[in-house]
Structure formats: C-alpha cells, structure tokens
Amino acid sequence: MPEAPPPLPARPAGFGWRTLAFLLDLIPLTLLAQHLAGATAGDEARQGRADLEAWVDRLLAAYAAGLRGAGLDPFRAVLEAPPPAGGDWIVHAGLAGAATLALALGLQEAALGGRTLGKAVVSLRAIAVRTGRPPGPAGCLLRSAWKGMFLCLPSPLVNLVGLIGFHLPLFRRDGRALHDLATFTQVVDDRGAR
C-alpha cells in the first residue's frame, strides 16, 4: 500500500486579517488595562494621570476654538507650556497594559487551540511551525508577552522594534512577524481546516 502524501502546509494568514484580528483583541483589552491601571495606581501616578488629562483637555479645547475660527492663538497658549511629565502614570499604565495583554492573549491562545477571540472571529489560528499544531502554553504566553511589551512599554526603542516586527509579515512569504519568528510559530488561515 502506498504511503499517504504529507499534508499541505497551512496557508499563511494575510496581513490585513492579522491586523483586524489583533485590533478586535486589542480594543477591549486596552480598555481593561486602563481600568486596571487606574484601579491599582498610587497617589503619584494618579496625579500624573490627572495632569496629563488636564493638558489634553486644554489642547482639545484649543483645537475646537481653532475650528470655530479663533486661529492659532489658542494653540500657542497651550503649546508654550509643555505637557506635564506624568512619568509615574505612563510607566504604571504601560506595565499594566503589557501584563494585561500578555496574560489575556496568552491564556486565550492556550485555551482556544491557538486562537484568541479576535482570531476566532476572522478564522485565524497560531500554530507551531515544527508540528503544525497549536503552540503550547509557554509559546502562547511568550508570543503574547512580546506583543504586550512592544505595544505598551514606554520605551521608544522597544516600540520601534515592535513596529518593525509588526510589519515584517509584509516582507516574508510565510507571513511571520517578529514574535512568530522568536517563538517558532505562524498565524495561518483556518477557514479550510474546519
């Protein structure tokens, strides 16, 4: 009896579908992370947040005044005073966001066989490149920790590496991003697998 041919490799997920799935995951998790950061912030971080929000409110009011025909004078008044540092809040919110994304996305991928809720909506899943099966819990958490770190930590260098890594699938035939390469995984189109 002849041996069965090996299965065809899974079709890499398109960049647009990956982006949509990530946005579907990111929007509610960002709201959750901001809520958790606000609930766990100390007094200095809360004051930093209040100072930043007050400055943004002044900037938006200047923008609205400019739209009503007030010219650039309202902007000059706001921009002459630099925005408050708000460092405690920025670091606290960044760490809360990175932890929220890492845990929520990692646990979803581990529990849902390589899918997050966003991936499930657009029929994508993550697989281990070597086996073609969903990555194990450690791989899922590592993938998600990379995403959380690159997206949320307040470091321009880390954010730049994340931005480059996010766009990497545009230039690779296998459609793998930096976090996929680091964890030996790939996001594939799951429409034909069901």
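The values are calculated or read from the model by the stated rules, or taken from the named source; none is laboratory data. It should be emphasised that the depicted structure is a prediction, and the values quoted were computed from it without experimental measurement. Note: ideal-geometry Cβ built from the backbone for every residue, glycine included; neighbour counts use all protein chains shown. All accessible areas refer to the heavy atoms of the entire protein, side chains included, with ligands and DNA or RNA removed. Shrake-Rupley method; radii C 1.70, N 1.55, O 1.52, S 1.80 Å.
Annotation: amide H-H contacts under 5 Å for residue 124 (H modelled 1.01 Å from N, sequence separation of 5 or more, or interchain): 190. Along the axis of the charge dipole computed for segment 91-188 (Cβ charges of +1 for Lys and Arg, -1 for Asp and Glu, origin at the Cα centre), the listed residues 97, 120, 146 are led at the positive end by 120.
Counting charges near residue 187 (Lys, Arg +1; Asp, Glu -1) among other residues having Cβ under 11 Å from its Cβ returns a value of +2.
Between segment 46-71 and segment 147-190, what is the C-alpha centre distance in whole Å? Cα centroid of segment 46-71 versus Cα centroid of segment 147-190: 34 Å apart.
How large is the Rg to Rh ratio of segment 118-194 when both quantities use alpha carbon positions and Rh follows Kirkwood? List each step's numbers first, then the result.
On the way: Rg = 12.9 Å, Rh = 13.1 Å.
Ratio value, two decimals: 0.99.
Here residue 68 and residue 20 are evaluated by their C-beta separation; at R0 = 45 Å the FRET efficiency comes out at 0.80.
Considering only 175, 61, 47, and ranking their Cα positions along the charge dipole of the chain that arises from unit charges at the beta-carbon of Lys, Arg, Asp and Glu, the one farthest toward the positive end is 175. Here segment 104-149 has an Rg and Dmax of 9.7, 27 Å, counting Cα atoms alone.
Between 108, 47, 34, the Gaussian network model of the chain with springs among Cα atoms under 10 angstrom shows the greatest mean-square fluctuation at 47. Working ranking of peptides 15-22, 173-180 by packing, defined as the average number of other Cβ atoms within 10 Å per residue, highest first, is 173-180, 15-22.
Within 11 Å, Cβ to Cβ, of residue 174, how many net charges do the neighbouring residues add up to if Lys/Arg are +1 and Asp/Glu are -1? Local charge sum for residue 174: +3. Dipole size of segment 41-91 about its Cα centre, with +1 on Lys/Arg Cβ and -1 on Asp/Glu Cβ: approximately 260 debye, rounded to the nearest 20. Protection proxy ranking of 37-44, 144-151, by the mean of other Cβ atoms within 10 Å over each peptide's residues and highest first, is 144-151, 37-44. From its DSSP helices (H runs of at least four residues, each -39,500 (n - 2.57)), the chain gives a residue-normalised ellipticity at 222 nm of -20500 deg cm²/dmol.
Rolling a 1.4 Å probe over the protein heavy atoms gives segment 67-165 an accessible area of 53 Å² per residue.
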